[in-house]
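Here is the structure we will look at.
Every number here is computed from the coordinates shown, using simple stated rules; none is lab data. If you're wondering where the values come from, they're calculated on a predicted model, not measured in any experiment. In this analysis, Cβ positions are derived from the backbone assuming ideal geometry, glycine residues included, and neighbour counts consider all displayed protein chains.
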Amino acid sequence: MNEEITLKPIAFVKNNRKENSDDNWSEIISEIELADNLPIESFDGIETFSHLEIIYYLDKANKTITGSEHPRENTNWPKVGIFAQRKKDRPNHIGLTIVNLIRKDGRKLIVSNLDAIDGTPILDIKPVFEEYLPKDEIKQPKWTSELMKNYW
């Protein structure tokens, strides 16, 4: 089955990070500005949450990986499939991050810990409910902690 899915951005990222980068995202404060076709009421009550899940389109990703490779092309780390890593060069170029909501400012949300560059289209925003977070211990291989050492 070859179904096509059409999505329209609901907002766009504004920040000073113009190029893709793998590290130092915690230094970036971003604005998420609601698209003109959506009413400001779409943000009603969002300020009562501390964290939001941001789903975005990695529109500047320049390749697609469907198999496996070394994360960040680092041969010290194991070769793993694209679905065992969080690389931007995914089959559908979709990103997902939990951000800290600093404040709501009219049609803008001011957030930290969003690893998306300036102009990135936002596909959806969801509040983080504690009940959706994992209840069990999170298991991950050692190389992921090495990879993330300077990410935030």
Selection from the stretch 118-152 of residues that are polar (S, T, N, Q), out of contact with any helix residue (DSSP H, G or I) (no Cβ under 9 Å at 6 or more places or on another chain) and not in a loop (DSSP other than H, G, I, E, B):
SER145
Looking only at residues that are part of a helix (DSSP H, G or I) and of a type in the set (Phe, Trp, Tyr) in the stretch 24-50, which one is nearest to TYR151 (Cα to Cα)?
TRP25
Can you find a residue in the stretch 51-58 that is of a type in the set (Ser, Thr, Tyr), in contact (Cβ under 8 Å) with a residue 40 or more places away in the chain and not in a loop (DSSP other than H, G, I, E, B)?
yes
Answer residue from the stretch 1-56, given it is more than 14 Å from the chain's Cα centre (by Cα), among the β-branched types (Val, Ile, Thr) and under 15 Å from LEU101 (Cα atoms) and is surrounded by the fewest Cβ atoms within 10 Å (Cβ to Cβ) among those
THR48
Could you grab me the full set of residues in the stretch 87-104 that are touching a helix residue (DSSP H, G or I) at 6+ places or on another chain (Cβ under 8 Å) and closer than 15 Å to LEU123 by Cβ?
ARG90
Could you please find all residues in the stretch 77-109 being without any contact (Cβ under 8 Å) to a residue 12 or more places away in the chain and either assigned to a loop (DSSP other than H, G, I, E, B) or under 15 Å from ASN20 (Cα atoms) (or both)?
LYS79, ARG86, ASN92
